[in-house]
Amino acid sequence: MFIDFHTHIFPDNKAAAIIHDMTCRGNIQQFSDGTLSGLLDSMNQSGIGLSLISRITTQPDKVDSVNKWLLNCAGPNVMPMASVHPDLPVTASDLETLKSKGFKGVKLHPDYQDFFVDDPRMYPFYDAAQQVQMPVLIHAGLDRGLPPPVHAMPDGLLKVHRQFPKMIMVAAHMGGEDNYDETEALLLGEDIYLDTSYILRVMPPEILKRFVRKHPVERILFGSDSPFRSPAVELKYLLNLPILSDAQKEKVAGGNATTLLNLRV
């Protein structure tokens, strides 16, 4: 089964305005309307059997309502990543509760949520995620729609990994757009997952080739970054990459996520 580990959806009555704002500020395209139905349509067109959805919160008092909304969007082909906020304490018990409700991980966006990934105030959350073994998907590198500074660079991600080596960290965008050298030097070969969202067709082919050679293929997850990338186009590109064997493509396109999430297929 093909699994898209990194997608975004927004409420029907807010999606158009949110996406318009993001695409204008970031000079990026949109490939669906950003709603749940739009995501499901794109999945049908691409043959993707499961998508992980997320929606981050920038206000701690909105966490509960956003998570309830995400749960309401869940279904056989859509599984939610929980939202948390750096100003709202999260314990291992809290994460166990989220898991019991059906959340498959947690999504963080240090830029939008205004914290550096290695900020010590995040350590209690990282410790809780490590205890519970709940995957943590972290936006890594620049965000095209936001000004500097970049809040999750490879050195910060590595620092967190060293402090919490058993935490299941997924560094989005193959460790970050436009910081390939730092990612290659610091993160490749580490026990950290990388997802391919947005960046797969942006990375220069020779750099992508080096990444695939130096990082365990079992630690690479397919992600599209829908609606800002087309799942169909991204998946087709992955499945036609000459630098991967058919067995490796199968792992990246869904096998690794199936194992990580303990899915029954």
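The values are calculated or read from the model by the stated rules, or taken from the named source; none is laboratory data. This is a predicted model, so every value here is computed, not measured. Please note: Cβ atoms are built from the backbone with ideal geometry, for glycine as well, and neighbour counts cover all protein chains shown.
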> Of all residues in the range 3-27, which are part of a loop (DSSP other than H, G, I, E, B) and surrounded by 17 or more Cβ atoms within 10 Å (Cβ to Cβ)?
Replying inline: Ile9, Phe10
>> Between a residue in the range 85-113 that is on the phi < 0 side of the Ramachandran plot and any residue that is among the aromatic types (Phe, Trp, Tyr) and surrounded by fewer than 21 Cβ atoms within 10 Å (Cβ to Cβ), which pairs come within a Cβ distance under 8 Å, given they are 6 or more apart or on different chains?
In response: Pro86/Phe115; Pro110/Phe116
> What is the residue count in the range 208-249 for residues that are in contact (Cβ under 8 Å) with a residue 12 or more places away in the chain, touching a helix residue (DSSP H, G or I) at 6+ places or on another chain (Cβ under 9 Å), surrounded by 14 or more Cβ atoms within 10 Å (Cβ to Cβ) and of a type in the set (Lys, Arg)?
Replying inline: 2
>> Being at negative phi, surrounded by 14 or more Cβ atoms within 10 Å (Cβ to Cβ) and either under 15 Å from the mean Cα position of the chain (by Cα) or not hydrophobic (A, V, I, L, M, F, W, C) (or both): is that true of Ala82 here?
In response: yes
>> Please go through the range 164-183 and give me each residue that is surrounded by 15 or more Cβ atoms within 10 Å (Cβ to Cβ), over 23 Å from Ser224 (Cβ atoms) and out of contact with any strand residue (DSSP E or B) (no Cβ under 7 Å at 6 or more places or on another chain), ordered by number.
In response: Phe164, Glu182
> When both residues are 6+ apart or on different chains and their Cβ atoms are under 7 Å apart, which pairs have a first residue that lies in the range 146-168 and is free of Cβ contacts under 8 Å to residues at least 24 places away in the same chain and of a type in the set (Lys, Arg), and a second that is exposed (fewer than 14 other Cβ atoms within 10 Å of the Cβ) and not in a loop (DSSP other than H, G, I, E, B)?
Replying inline: none
> Which residues, taken from the range 34-51, are more than 12 Å from Phe228 (Cβ to Cβ) and in a loop (DSSP other than H, G, I, E, B)?
Replying inline: Thr35, Gly47, Ile48, Gly49
>> Suppose we filter Ile19, Ile56 for residues that are within 25 Å of Thr258 (Cα to Cα) and not small (Gly, Ala, Ser); which single one remains?
In response: Ile56
> What's the number of the condition Pro165 fails, among (1) closer than 24 Å to Met81 by Cβ; (2) part of a helix (DSSP H, G or I); (3) not small (Gly, Ala, Ser)?
Replying inline: (2)
>> Condition (residue is on the phi < 0 side of the Ramachandran plot, surrounded by fewer than 17 Cβ atoms within 10 Å (Cβ to Cβ), of a type outside the set (A, V, I, L, M, F, W, C) and in a loop (DSSP other than H, G, I, E, B)) applied to the range 70-78: is it met by at least one residue?
In response: yes
> Is it true that some residue in the range 119-131 is assigned to a loop (DSSP other than H, G, I, E, B) and of a type in the set (A, V, I, L, M)?
Replying inline: no
>> Please verify whether Gln133 is closer than 25 Å to Asn262 by Cβ and surrounded by fewer than 19 Cβ atoms within 10 Å (Cβ to Cβ), treating the condition exactly as stated.
In response: yes
> Just checking, how many residues over the range 36-63 are touching a Pro at 6+ places or on another chain (Cβ under 8 Å) and of a type in the set (Val, Ile, Thr)?
Replying inline: 2
>> Here is a check on your reading of the model: is Met174 within 15 Å of the chain's Cα centre (by Cα) and under 26 Å from Ser93 (Cβ atoms)?
In response: no
> What are the residues in the range 168-194 that are of a type outside the set (A, V, I, L, M, F, W, C), in contact with a Leu (Cβ under 8 Å, 6 or more places away or on another chain), modelled with pLDDT of 95 or more and part of a loop (DSSP other than H, G, I, E, B), if any?
Replying inline: Gly176, Asn179, Glu190
> What are the residues in the range 28-46 that are surrounded by 14 or more Cβ atoms within 10 Å (Cβ to Cβ) and more than 14 Å from Met79 (Cα to Cα), if any?
Replying inline: Ile28, Gln30, Phe31, Ser32, Asp33, Gly34, Thr35, Gly38, Ser42, Ser46
